[in-house]
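See structure below.
The values are calculated or read from the model by the stated rules, or taken from the named source; none is laboratory data. Nothing here was measured: the structure is a model prediction, and the numbers come from that model. Positions of Cβ are backbone-derived with ideal geometry, glycine not excepted, and every protein chain shown enters the neighbour counts.
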Amino acid sequence: MSHICATLLLLCYQPNIIDFEHQFVEEVKQCAIEYNAMIEPHDRIPIVLVIAQAIQETGYGTSRFYKEANNLFGIIALEGEDYIVSLKDEDRKLRRYDTKCDSVNHYMNMLVTDINYTELQEILINQYIMDEIDVDALISSLYNYAEDQFYGRKLRKIVKKLQNNL
């Protein structure tokens, strides 16, 4: 029951966050739930982790990359993809998405298919089999997601805040 609760937010109490932060969380949550509903259960990513990363990467949707390119996760553009250029570093090109949900879908798909995240993929499968969710273990497996050495610590703090609102 805890796996379905964490990945689809079914049979769970919903958070009560107010203002624009609430709206941002709700938008990301809806996109993530829709994606998780379409994929195999063992590949589902806990919603709180998706929301935490979106919050960390966009500052609750206040970043330029979010506002101008619907990029919620700081995903770099590959050759041939539409992009937005960083104002701080002209060589840094972040991918542009048509919608917020396109960004969420791409991010979630990347985590469950990209070779750089095989550790996370294995943890997801094991947690599905055990019907338990350990978001901390999943965060630990994201050591190569960001350049910031304190990224995991920041995500854990956001996750704790989100879970305290449940």
Any chance you could count how many residues in the stretch 145-166 are of a type in the set (A, V, I, L, M, F, W, C) and surrounded by fewer than 17 Cβ atoms within 10 Å (Cβ to Cβ)? 2
What residue, among those in the stretch 109-166 that are polar (S, T, N, Q) and in a loop (DSSP other than H, G, I, E, B), is nearest to Val50 (Cα to Cα)? Ser141
Tally up the residues in the stretch 134-151 that are touching a residue at least 24 places away in the same chain (Cβ under 8 Å) and small (Gly, Ala, Ser), please. 2
Please name all residue pairs, on different chains or six or more residues apart, with Cβ atoms under 7 Å, provided the first residue is in the stretch 153-166 and is over 11 Å from Asp136 (Cα atoms) and the second residue is exposed (fewer than 12 other Cβ atoms within 10 Å of the Cβ). Asn165/Asn16; Leu166/Tyr13
Single residue of the stretch 47-62 satisfying the filter (touching an Asp or Glu at 6+ places or on another chain (Cβ under 9 Å) and not in a helix (DSSP H, G or I)) that is farthest from Val135 (Cα to Cα): Gly61
Can you name the residue in the stretch 110-121 that is touching a residue at least 60 places away in the same chain (Cβ under 8 Å) and closer than 26 Å to Tyr60 by Cβ and, of all such residues, is nearest to the chain's Cα centre (by Cα)? Leu111
Asp131 passes all but one of (1) touching a residue at least 60 places away in the same chain (Cβ under 8 Å); (2) surrounded by 13 or more Cβ atoms within 10 Å (Cβ to Cβ); which number fails? (2)
If you check Phe65, Phe73, which single one turns out to be assigned to a helix (DSSP H, G or I), within 24 Å of Arg156 (Cα to Cα), modelled with pLDDT of 95 or more and not charged (D, E, K, R)? Phe65
Please give the number of the condition Leu87 fails out of (1) among the aliphatic types (A, V, I, L, M); (2) loosely packed, with under 12 Cβ neighbours inside 10 Å; (3) modelled with pLDDT of 95 or more. (3)
Set Lys100, Lys93: member being out of contact with any helix residue (DSSP H, G or I) (no Cβ under 7 Å at 6 or more places or on another chain) and either of a type in the set (D, E, K, R) or modelled with pLDDT under 95 (or both): Lys93
Would a scan of the stretch 46-63 turn up a residue that is of a type in the set (A, V, I, L, M) and within 15 Å of Thr99 (Cβ to Cβ)? yes
